[in-house]
Protein chains: 2
Amino acid sequence: MSPRKSAAEARATRRRIVERGVAIASVDGLEGLTIGRLATDLGMSKAGVLGHFGTKETLQLAALDEAAAVFVRAVWRPAEDAAPGLPRLRAVCEAWIAYLESERETFPGGCLFATASVEFDARGGRVRDAVVRLGRLWRRRLAGEIRLAVAAGDLSPDTDPEQLTYEIVGLYLVLNQDLQLFADPRAPERTRRALARLLAPGASAAVA
Amino acid sequence: MSPRKSAAEARATRRRIVERGVAIASVDGLEGLTIGRLATDLGMSKAGVLGHFGTKETLQLAALDEAAAVFVRAVWRPAEDAAPGLPRLRAVCEAWIAYLESERETFPGGCLFATASVEFDARGGRVRDAVVRLGRLWRRRLAGEIRLAVAAGDLSPDTDPEQLTYEIVGLYLVLNQDLQLFADPRAPERTRRALARLLAPGASAAVA
DNA sequence: CCTACCGATCGGTAGG
DNA sequence: CCTACCGATCGGTAGG
């Protein structure tokens, strides 16, 4: 006895579903994100949940989209004000740490991309494609900031932006593991220490 | 019509189950490792599969044990012959790369520990405990090799073994991601390049 | 957005 | 190690 909601109400419901879905997927994975679980959590019927997406795959893609929006807001947006070059690169890196450390509310099981990357790395399909696309996107942006820092003379011209990007991503993957699996509060400082070395003014650590 | 096998035959069957289980879990995770799937793959009944373990959890733990044995054989055993210090540390690191690169047969979905770490990092239970225990074990061993290298004077006395271990693990996590998710053949060389910097004679990159 | 239902698969058990 | 079965849950559909 709750049919015929307005379009605005339907959008609000969809939001609730997706936000809860992101939290569930961060813990149990995008496959573990089941319609029945969502319905129970939200006090809805399964058909009511599924009606907003049609298929589970579309729901998974919506959760991934929402996670991407959260990531952009937490990591890239705050750094936009910083000066291009090393200051902005450092701002991005610091925001990334803060994102992994404190976005525990939206991602109780850790960064959804870290989870989804491993979950879908040996499968096909549209969800895997989306994970790959987003992974490439964050790396491309990070490499872009590194190039700006090189162009500004803040990092050595010998710097290999792809290599440096690769090493920084490694520092975030191990940070996510240490926070989630080992609950080690020293991890953020460890990533910071390694980053300080890689991003020292004039540093040429990651060379071709 | 195939009851009453000998104890040796039963052991051989158990082996087949576990080995196939490791391969499945590496692709679909330890939760995605289902009794029915195993039974179909091996041409057995579900009860026949489950009879060797009793519960799915025990089967998951057996798969994890087998993966640990493979890891020890591939990474730690070959390095045992190398001289303690930087030579052995480097041998371990190189074997670890080779393990991720070439153990595609036993782990078609990539290193099972990388998969299981993310899959269970937000859960409780005995499987999670085993993943944590093994993760700590590899790190402790790696830190031990680093300490030997410091003691031998091969690495700077300023070296922080925990910090260096952390950074090296990051280089393996990103290597696994790039091999599995992005299928990027340049990844092993990237990890090698970063390791060469961290493990240069007298290097004091990872200091406290 | 609901009730009612579908076939398939899940982990697991009984009994031989 | 098998057949036969259990209740629960899966993704999804019909129809309102």
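How many of the residues in the range B:159-185 are closer than 19 Å to A:Arg186 by Cβ and within 11 Å of chain A (Cβ to nearest Cβ)?
12
Only one of A:Glu94, A:Glu57, A:Glu80, A:Glu66 is touching an Asp or Glu at 6+ places or on another chain (Cβ under 8 Å) and at pLDDT 95 or above; which?
Among A:Glu94, A:Glu57, A:Glu80, A:Glu66, only A:Glu66 is touching an Asp or Glu at 6+ places or on another chain (Cβ under 8 Å) and at pLDDT 95 or above.
How do the pairs read when you match residues in the range B:25-40 that are more than 16 Å from A:Ser117 (Cα to Cα) and more than 11 Å from chain A (Cβ to nearest Cβ) with residues anywhere that are open to solvent by 10 Å² or more (accessible area, probe 1.4 Å) and of a type in the set (A, V, I, L, M, F, W, C), using Cβ under 7 Å and keeping only pairs 6 or more apart or on different chains?
B:Ile35/B:Leu50
Only one residue in A:Phe113, A:Phe120 is in contact with a Phe, Trp or Tyr (Cβ under 9 Å, 6 or more places away or on another chain) and of a type in the set (Phe, Trp, Tyr). Which one?
After ruling out the rest, the residue left standing is A:Phe113.
Every residue in the range B:25-52 that is within 19 Å of B:Leu134 (Cβ to Cβ) and within 8 Å of DNA strand C (Cβ to nearest atom), please. If you could, list the steps in order and put the result at the bottom.
Within the range B:25-52, the subset within 19 Å of B:Leu134 (Cβ to Cβ) is B:25-26, B:29-31, B:33.
Passing the criteria: B:Glu31, B:Leu33.
What is the number of the single condition among (1) more than 18 Å from the chain's Cα centre (by Cα); (2) farther than 17 Å from A:Asp160 by Cα; (3) open to solvent by 50 Å² or more (accessible area, probe 1.4 Å) that B:Arg193 does not meet?
Among (1) more than 18 Å from the chain's Cα centre (by Cα); (2) farther than 17 Å from A:Asp160 by Cα; (3) open to solvent by 50 Å² or more (accessible area, probe 1.4 Å), B:Arg193 violates only (2).
For the range B:41-158, list the helices (runs of 4 or more DSSP H) that sit wholly inside it and hold at least 2 residues that are open to solvent by 50 Å² or more (accessible area, probe 1.4 Å) and within 14 Å of chain A (Cβ to nearest Cβ); which are they? Give the derivation first.
Values: elements: B:46-50, B:56-71, B:86-102, B:112-120, B:126-151.
Fully inside the range B:41-158 and qualifying: B:126-151.
A:Glu66 - would you say it is acidic (Asp, Glu) and within 13 Å of DNA strand C (Cβ to nearest atom)?
So A:Glu66 fails the test.
Which pairs have Cβ atoms under 7 Å, sit 6 or more apart or on different chains, and link a residue in the range B:96-107 that is closer than 15 Å to B:Arg192 by Cβ to one that is charged (D, E, K, R)?
Qualifying pairs under 7 Å: B:Ile97/B:Arg192.
Checking the condition of a type outside the set (Lys, Arg) and within 13 Å of the chain's Cα centre (by Cα), which residue from A:Val49, A:Val75 passes?
On inspection, the qualifying residue turns out to be A:Val75.
When only residues in the range B:6-24 that are within 14 Å of DNA strand C (Cβ to nearest atom) and open to solvent by less than 20 Å² (accessible area, probe 1.4 Å) count, which is farthest from the other protein chains (Cβ to nearest Cβ)?
Once the filter is applied, the top-ranked residue is B:Ile17.
The values are calculated or read from the model by the stated rules, or taken from the named source; none is laboratory data. Computed from a predicted model, the values in this text were never measured in an experiment. Note that we place each Cβ from the backbone using ideal geometry, even for glycine, and neighbour counts take in every protein chain shown. The protein model used for the area step is the full one, side chains on, heavy atoms only, and it has no ligands, DNA or RNA in it. Shrake-Rupley method; radii C 1.70, N 1.55, O 1.52, S 1.80 Å.
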